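Enquirer: Quick one: the structure is below, questions incoming.
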Amino acid sequence: MTCPHCAASISESEERCPYCDSYIDHGGRNKAAQPVYEQRPRNLIGEDKVNPLLMILAFIPLIGIILGAVFMSNGCKKCGKTYLIAGIVGFAISFSCPIISMIVFTIASAFHA
């Protein structure tokens, strides 16, 4: 028999798969013994906390916008908005003050090297 959860080859008499530890349904025979597991979606990014290093990098306009979009799409709304706003502020600064823009891009290139 094949496990319906992980597709491993297992014995017909198995109540649980030895590979993925899932309960095997044998036509209702062990229905009462099956625990109910609530499956929560996994957040690939982690908690919704602003990372100071990413915050500094977010002031580089393109990086801030990309970080904002990635974090918001993965459910971290607070971080995503913060990085997105930092990217927009960085974009505004880059057009309003060329000296500050030059410093920001120099720092960014130092991280890249």
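Every number in this text was worked out from the coordinates using simple rules, so none of it is lab data. Treat the numbers as computed from the prediction; the structure is a model and nothing was measured. Glycine also receives a Cβ, built like all others from the backbone with ideal geometry; neighbour counts cover every protein chain displayed.
Enquirer: Measuring from label point to label point, each 7 Å out along Cα→Cβ, what is the residue 89 to residue 111 span in nm?
Expert: A separation of 1.4 nm, rounded to one decimal place.
Enquirer: For the range 48-113, just run the numbers: alpha carbon Rg, then divide by 2.2 N^0.38 Å, N being how many residues it has.
Expert: On the way: Rg = 11.7 Å, N = 66, 2.2 N^0.38 = 10.8 Å.
That works out to 1.09 for the range 48-113.
Enquirer: Just to verify a number: FRET efficiency for residue 47 and residue 73, C-beta to C-beta distance, R0 = 22 Å, to 0.05?
Expert: The computed FRET efficiency comes out at 0.85.
Enquirer: Let me ask you something else. Among 13, 101, rank each residue by its count of other Cβ atoms within 10 Å, from fewest to most, as a rough exposure measure.
Expert: 13, 101
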